[in-house]
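Every read-out reported here was derived from the displayed coordinates using simple, explicitly stated rules and does not represent laboratory data. Note that this is a predicted model, so its numbers are computed, not measured. All Cβ positions, even for glycine, are placed from backbone atoms using ideal geometry, and neighbour counts span all protein chains on display.
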Amino acid sequence: MHWGLRVAARRSDRPRLRRCLALAEALERKGRPVRFFIDEPSTHWPDIGSRLPNWQPEPEPTDARALLAAVAAGEIEACVFDGDAFDTRCIERAANYVLSVEIDEAHRQPSGHVIVNPGLTADPARYALPPDCVLCGVGFAPLRRSLGDARHAAQLRLANDAAAQPADRLLVTLDTAESTEGTALVLDALSLIPKRGVVIVILDSRAPQLDAVMRRVTAMEAVMAEIDVDDLCDYYQASDLVIGDGGDLLLERMCCGTPSISLATTEQQQQSIARAAAAGATVDGGAVWSQGKVTLAQPILELMADGDGRRRVAKAGIDLVDALGADRTAEALIDLHQRLGAG
């Protein structure tokens, strides 16, 4: 008997898929094999198969209706819906058979039996559910287990570094399949900074503005682009400073002990960035749609020159995120599933 994991189709970007894979890996380690129901192209499947030993790919991309059919046929004992993948009817129908879980970060009121909200702004009191059915906060962030090793290495590095040097290796991770507006803004700001060192820009091949951004990259000295990177861990560890967004990647770079300036690319990200900045775990760079290249260049320049400041930001991020959230979430879900008499 499998657990079914429904992954968002319209927002199945790489960070989102990695989050779902991390939870699936944790469930598999605890004896709960997972079937993915995802209506994205089969190019995603090899990555899933290489990470889950019991994975048997569906013959075709599948959707929520296929998941419910598997539930009705007795093939699935519990459903996990990624936050952008659920619709209320599917959750209600799934609840007639099994425990249903939603992973949500969009500040709305989902309808599952159990809510997992790993966001920095997560508030258990806002959900109309018993406290033990609400798994809130970064302690439940389903990050890849490999980030735990990166976190430990960062702790050792911070403890042993005699003096933090000025930053000369920058990483830019703002691009999505929908927009490169943030990346273009950062590149414009970096063009105002002399002696900025080497800059690596992570880009998504599906972005409609990709060609325009690549023209900026090739026109700038010591700026290089990497396309469709699945795992940023090595890039974080090789960087002195990251300029990124406020989504899942913010938690990843905090866990890796990489100091960052965070730009909001959605309204929801503004709260998470503000919360992380209040804890000293990132620098709030403002919102992409209201920020200018001149004002953004200033905090970049300041943090590049401030080695001690970057060290403080890195340590605060490590203190907030420990890379054990996937296991905590899996354990809690299995426990609740058993207590509700469904397993």
For G244, the net charge from surrounding residues (Cβ-Cβ under 12 Å; K, R +1; D, E -1) works out to -3
HN-Hα J couplings of the stretch 235-245 from phi, Karplus 6.51/-1.76/1.60, θ = phi - 60°, integer Hz, Gly and Pro as x? 5, 4, 5, 8, 10, 8, 7, 10, 10, x, 8
Separation in nanometres of the label points that stand 7 Å from Cα toward Cβ, at A222 and Q209: 2.6 nm
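Sort the following peptides by mean Cβ neighbour count (other Cβ atoms within 10 Å, averaged over residues), highest first: 283-289, 20-26, 332-338, 240-246.
Numbers: 283-289: 19.4, 20-26: 23.9, 332-338: 17.7, 240-246: 26.3.
Top to bottom by mean Cβ count within 10 Å: 240-246, 20-26, 283-289, 332-338.
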Nonlocal amide H pairs with A225, under 5 Å, H built at 1.01 Å: V201
How do 125-133, 187-195 rank on mean C-beta neighbours within 10 Å, highest first? 187-195, 125-133
Given backbone amide H placed at 1.01 Å from N, residues whose amide H is under 5 Å from that of C136, ignoring those fewer than 5 places away on the same chain, are N117
For the stretch 146-320, projected area of the alpha-carbon convex hull averaged over all directions, nm²: 9.0 nm²
Given contacts defined as C-alpha pairs under 8 Å and at least six residues apart, what's the relative contact order of the stretch 146-320, whole-number percent? 26 percent
Cβ-placed point charges (K, R +1; D, E -1), dipole of the stretch 220-343 about Cα centre in debye, nearest 20: 500 debye
Gyration tensor (alpha-carbon) shape descriptor, the stretch 236-325, a/c threshold 1.5: oblate
What residues qualify as long-range amide H neighbours of V80, i.e. H under 5 Å apart, gap of 5 or more or another chain, H built at 1.01 Å from N? G4, L5, R6, V101
Ordering 218-231, 315-328 by per-residue average of other C-beta atoms within 10 angstrom, highest first, gives 315-328, 218-231
